[in-house]
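The numbers here are math on the coordinates, done by the rules we state, and not lab data. Bear in mind the structure is a predicted one, so any value in this text is a computation, not a measurement. Heads up, the Cβs are rebuilt from the backbone with ideal geometry, glycines too, and the neighbour counts pull from every protein chain shown.
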Amino acid sequence: MNKPIIAPSLLSANFLDLRADLETINRSEADWLHIDIMDGVFVPNISFGFPVLKYVAELSTKPLDVHLMIVQPEKFINEVKGLGTMMMNVHYETCTHLHRVVQQIKDAGMKAGVTLNPATPVCVLKDIVADLDMVLLMSVNPGFGGQKFIPQTLNKLKELRELVDATGSQALIEIDGGVNLETGKLLVDAGADALVAGNAVFKAPDMVEMIHQLKNL
C-alpha cells in the first residue's frame with residue numbers, strides 16, 4: 001500500500017514567522033503545500049491573496065496544492081498558474097460550467113481538482129470524475145481552520161472510492177478538515193490518497209515528526 005500524500009495547510013501557519021514554518025515544511029516529508037484562498041463570499045472568511053502567495057511560492061520547495069474557496073475561480077486561473085501551481089482545486093458549488101473550468105485549468109498546464117462541501121453528494125461528479133486529477137472532500141464546512149471532523153466523511157469517502165475505481169478515473173482522493181493521527185488513520189484505511197493537515201501539523205511540538213507520523217499511518 002502506498003503511503004498517503006501529506007499536504008500541510010498554510011492557513012494554520014504562524015504568519016508572524018512564516019519563513020520559519022515554510023523552511024520547516026521544506027525539510028520535512030510533506031509532499032505538497034496546501035493553500036486555501038478564501039474570498040469572504042463563498043466562505044465566511046478571508047485568507048490571503050496573490051501578493052502574499054507570491055512570496056510563499058518563492059520560499060516553498062514543495063508542489064503547491066491551491067484550493068480556491070471563492071466564487072468565479074476561473075477568473076484567477078492565470079494568477080494561480082503564475083505561482084507555479086501544481087494542482088488548482090475549485091469547488092463544485094461555485095462552478096456553473098464545471099467541465100469548462102476543468103478544461104481551462106488543464107489548458108493552463110496545471111492539474112485539475114474539484115472539491116465537494118460536506119452536504120454535496122458524490123454522485124454529482126459521475127459525469128466528470130474521469131477528467132479530474134483529484135477530488136477533495138471537505139470533512140468540515142469550509143472557511144475556518146481547527147474544526148471538528150465530520151464522521152459521515154468516511155462513508156462518503158468509500159462511495160467516492162467506488163466511483164473513481166468504477167469509472168477508471170486516475171483522480172486522487174484528498175481529505176481536508178479535522179485531520180489528525182486518529183482521523184487520518186481511518187481515512188487512509190477507507191481509501192484516501194492525500195491528507196490536508198493544518199493544526200495537527202503547525203500546532204505540533206515537532207512539526208517534522210508529526211508529518212513523519214502522518215506519512216506512516
(request) Apply the Karplus parameterisation 6.51 cos²θ - 1.76 cosθ + 1.60, with θ equal to phi minus 60°, to every residue of region 6-17 and state each ³J(HN,Hα) to the nearest whole Hz, in sequence, with x for glycine and proline. (result) 10, 10, x, 8, 4, 4, 9, 6, 8, 6, 7, 9
(request) Would you work out if region 19-70 is rounded, prolate or oblate? Take a ≥ b ≥ c from the square roots of the eigenvalues of the alpha-carbon gyration tensor; rounded if a/c is under 1.5, else prolate when a/b is larger than b/c, oblate otherwise. (result) prolate
(message) Once you order the gyration tensor axes a ≥ b ≥ c over the Cα atoms, which shape class does region 76-169 get: rounded for a/c under 1.5, otherwise prolate or oblate by comparing a/b with b/c?
(response) oblate
(request) Grab the other residues whose beta carbon is less than 13 angstrom from that of ASP65, score K and R as +1, D and E as -1, and report the net. (result) -4
(request) Show the residues, 5+ positions off or on another chain, whose built amide H is closer than 5 Å to the amide H of LYS3. (result) none
(request) Determine the sum of side-chain charges near ALA194: Lys and Arg each +1, Asp and Glu each -1, restricted to other residues whose C-beta is under 15 angstrom from that of ALA194. (result) -3
(message) Tell me whether region 5-215 comes out rounded, prolate or oblate; compute the Cα gyration tensor, take square roots of the eigenvalues as a ≥ b ≥ c, and use a/c under 1.5 as the rounded threshold.
(response) oblate
(request) Report, by chain and number, residues whose modeled amide H sits under 5 Å from the one on ALA197, excluding near sequence neighbours (fewer than 5 apart, same chain). (result) ALA7, SER9
